[in-house]
Amino acid sequence: MINIFKFTLSLFLAFILASSHGCAGQKSQGNQGIDASDKAPEFPRNMQWLNTDHPLQLKDLRGKIVLLDFWTYSCINCMHIIPDLKKLEHKYKDELVVIGVHSAKHLTEQQTDNIRQAILRYDLEHPVVNDKNMKIWKAYNVRAWPTLVLIGPDGNVAGRRSGENIYPTFNKAIQQLIQKNEGKIDRNPMHFALEKNKAPDTYLSYPGKITADGQHNRLFISDTRNHRIVVTDMDGNIQYIIGSGTKGWKDGSFANAQFSQPEGTALKDNILYIADTDNHVIRKADLENQAVETIAGVGHQVYTRNPSGKALETGLNSPWDLTLVGDNLFIAMAGPHQIWKLNLKTNHISLQAGSGYEGLSASANKTAMLAQPSGITSYKDNLYFVSSEASAVQSSDLDPQGKVQIIIGHGLFDFGDMDGHYDKALLQHPMGIVEVKGKLYIADTYNNKIKVIDPERRTSQTFSGFGKEGMTDGSSGKATYNEPEGIDYANGILYIADTNNHLIRKVNIDDGSVNTLDLKGIGKKEAPVTFNRDQYNGEIKTITEINIKSLKQLEVNLELPEQYKLNPLASSQIRIFTQDGEINQSKEIKSTHFNATLSKQATSHPLYAEMVLYYCRDDNEGLCYIKNLLFEFKNGPGAKDASHYTINYKVQKSPISQSN
């Protein structure tokens with residue numbers, strides 16, 4: 001951890017920040033820092049970019065004020081500054097360009113498509129570069145997430161700051177830069193090709209948590225990105241929805257209530273308790289009277305490590321998951337790295353476990369270190385929770401004077417995918433946990449697996465999934481997930497919120513086999529995609545000679561310009577979809593000749609095959625060109641049935657796509 005962050009902006013005084021407001025950085029750095037007024041290091045040219053149709057260079061942004069946000073998508077503190085970034089982007093929309101520099105902590109966070117999912121989940125509308133090899137991080141001598149670097153319109157570094165609560169500091173700094181450079185600011189608006197304009201719109205959107213009520217045949221699905229709770233029976237028949245689906249903070253009827261990124265839920269006596277994460281409050285939904293009421297929190301993030309008082313007068317900090325023991329509601333409070341307790345009879349809130357400092361340790365409840373607890377359950381006299389940022393599982397005695405123990409985990413930078421005894425087992429950013437018959441089942445989120453912990457044998461073993469990212473039902477060893485976060489159990493079935501697949505999966509507790517819950521009753525499981533052909537920023541080729549309902553495989557032959565090749569340092573991709581949703585997962589293009597098999601039959605048209613190609617000269621992999629290409633298949637007059645179709649395409653080098 002960093003104990004003090006210094007803002008070196010030359011325009012005004014240094015700013016001091018508490019250590020709990022930033023995520024830990026890398027273990028060591030071996031290069032010199034850069035100071036205010038130094039020329040900002042340029043971006044390397046062989047990087048993958050998102051939320052833009054071409055790579056950016058700082059030299060092309062002269063006249064703009066640039067704010068670099070160094071982040072990694074697992075970090076709770078990085079999530080906390082997103083509202084401040086949005087405020088700055090809105091206020092200075094003509095003068096400021098925000099660029100996210102995603103410098104991954106975990107292995108899975110290095111993958112461009114996973115970063116794309118995070119961009120969609122958090123609704124980011126600025127360009128993001130995948131700094132997976134930490135090149136930009138090292139060039140700017142960054143040491144913690146989040147770190148922000150301000151660059152003036154002359155291309156020089158104006159200052160930096162790490163941690164949260166960034167708006168007041170950068171608002172003032174940007175105002176002073178504008179005043180100092182009046183007449184030199186480029187106020188021409190910039191528009192970027194956003195990922196959300198080409199993403200499918202599914203019925204569920206990044207479901208975070210799930211609660212299974214076996215006694216009453218109900219599932220409560222936290223439809224997190226849609227800002228609502230979807231209630232179904234165990235067969236997927238939708239019964240009703242809690243919340244209007246509009247982001248906000250509003251009590252009232254189920255139809256009018258508003259949430260902001262709700263996560264964990266807990267059920268008692270026909271009352272559903274909800275961790276309304278981005279509103280930093282706890283809500284209760286009266287299922288009989290169909291009304292929502294706030295019972296804890298003040299509606300905005302508050303930094304405190306020693307909560308004690310009336311629940312509605314105490315500010316919360318990213319409540320992520322809930323579990324009930326008697327009249328006590330225990331809250332996995334991800335923001336301050338603690339477990340809090342809300343007494344539902346007295347409405348008093350207090351600290352259960354965690355010092356408030358991010359780390360991993362075993363000691364007395366209130367002095368132990370936790371790391372972004374994101375899932376919690378109870379069993380006998382203990383709470384069990386996952387400390388996601390330490391890839392760990394810990395326990396806390398229910399007695400507030402008891403102790404915190406480490407079950408699995410070694411530290412903030414020790415993660416992986418290894419089964420076996422406690423002292424050797426490794427997880428990677430787990431986010432869900434449930435107890436079943438004395439065993440703990442874990443949503444090992446970044447390993448795309450469900451694991452089972454046996455306290456008697458002191459072991460951790462893979463239970464379902466083989467680690468490959470995807471969406472495949474079937475046996476335990478063949479099933480695939482995509483960053484599953486939520487997990488609960490009822491009547492022999494584990495219910496999994498398969499977050500990045502926007503689905504609920506059912507896992508048989510006896511053999512680990514997986515099926516997908518088919519949602520029925522309101523709308524479709526997959527609504528029409530938001531893809532807008534008229535706004536596509538690339539070349540479109542229309543094909544009308546084939547009946548797409550017969551198509552099973554595409555063969556693609558690409559002809560690159562002479563002396564050019566696909567860039568091995570960047571990941572070219574193909575994605576196939578219709579207005580009804582995805583036909584297959586995105587596939588990396590590794591050769592100019594390849595086949596793409598449709599994983600399911602297209603039932604409507606047009607059918608789209610979208611390619612993003614990165615190519616470079618044979619003798620210069622750092623000079624990268626990008627080509628956005630869309631093949632549109634329509635059933636024209638006389639379209640023929642064929643299971644196989646060959647696309648032949650000659651890539652014309654265009655100066656517009658050049659990255660230098």
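Charge dipole (Cα centre; +1 on Lys/Arg Cβ, -1 on Asp/Glu Cβ; no other charges) of the chain amounts to roughly 960 debye. Given points 7 Å out from each Cα along the Cα-Cβ axis, report the residue 38 to residue 635 separation in nanometres with one decimal. Result for the modelled spin labels: 6.2 nm. Cβ-Cβ distance of residue 176 and residue 123, R₀ of 41 Å, FRET efficiency by 1/(1 + (r/R0)^6): the value works out to about 0.90.
Per-residue 3J(HN,Hα) values for region 315-329, derived from phi via the Karplus relation 6.51 cos²θ - 1.76 cosθ + 1.60 with θ = phi - 60°, read x, 9, 9, 6, x, 10, 8, 9, 8, 10, 9, x, 8, 9, 9 Hz in sequence order (x marks Gly and Pro). Measuring r between the beta carbons of residue 89 and residue 300 and using R0 = 22 Å, the FRET efficiency lands at 0.65. When peptides 437-446, 558-567 are ranked by their average number of other Cβ atoms within 10 Å per residue, the highest-first order is 437-446, 558-567.
Distance from the C-alpha centroid of region 228-283 to that of region 167-194: 39 Å, rounded to the whole angstrom. In this simple spin-label approximation, residue 188 and residue 62 carry label points 7 Å from Cα along the Cα→Cβ vector, and these lie 1.4 nm apart. Each label point is 7 Å from the Cα along the Cα-to-Cβ direction; what then is the distance between the points at residue 290 and residue 541, in nm? With each label point 7 Å from Cα toward Cβ, the separation is 5.3 nm. A simple packing score, the average count of other Cβ atoms within 10 Å per residue, orders the peptides 587-594, 125-132, 508-515 as 125-132, 508-515, 587-594, with the highest score first.
Ranked by the mean number of other Cβ atoms within 10 Å of their residues, highest first, the peptides 90-96, 57-63 come out as 90-96, 57-63. Positive end of the dipole of the chain (Cβ unit charges, origin at the Cα centre): among 379, 219, 354, the Cα lying farthest that way belongs to 354. Shape class of the chain from the alpha-carbon gyration tensor: oblate, with a/c at 1.5 or above and b/c at least as large as a/b.
Once the chain from residue 644 to residue 403 is taken as fully extended at 0.36 nm per residue, the excess over their C-alpha distance is 80.4 nm. Extension gain for residue 552-residue 418 works out to 44.5 nm (0.36 nm per residue, less the C-alpha to C-alpha distance). Which of rounded, prolate, oblate describes region 287-516, given a ≥ b ≥ c as roots of the alpha-carbon gyration tensor eigenvalues and a/c under 1.5 marking rounded, otherwise prolate only if a/b is larger than b/c? Prolate shape, in that a/c is at least 1.5 and a/b is the bigger ratio. Simple rule: put +1 on each Lys or Arg Cβ and -1 on each Asp or Glu Cβ in the chain, find the dipole, and look at 300, 486, 629; the Cα lying farthest toward the positive end is 629. Dipole of the chain computed with +1 at Lys/Arg Cβ and -1 at Asp/Glu Cβ about the Cα centre; of 127, 401, 153, farthest Cα towards the positive end is 153.
Remark: the residue 215-residue 233 segment gains 5.4 nm on full extension, using 0.36 nm per residue and subtracting the alpha carbon distance.
For region 287-516, a crude dipole built from +1 on the beta carbon of Lys and Arg and -1 on the beta carbon of Asp and Glu, taken about the Cα centre, is about 300 debye to the nearest 20. Local charge for residue 185 was computed over the other residues whose Cβ lies under 15 Å away, with Lys and Arg +1 and Asp and Glu -1, and equals +2. With a Förster radius of 56 Å, plug the Cβ-Cβ distance of residue 437 and residue 533 into 1/(1 + (r/R0)^6) and report the FRET value to the nearest 0.05. Result of the calculation: an efficiency of 0.60.
The trypsin sites (Lys or Arg not before Pro) of region 332-409 meeting both criteria, a DSSP state outside H, G, I, E and B (loop) and at most 13 other C-beta atoms within 10 angstrom of the site's C-beta, are 345, 380.
Values in this text are rule-based calculations from the coordinates and carry no lab data. Keep in mind it's a predicted model, so treat the numbers as computed, not measured. Here the Cβ is made from the backbone with ideal geometry for all residues, glycine too, and neighbour counts use every protein chain on show.
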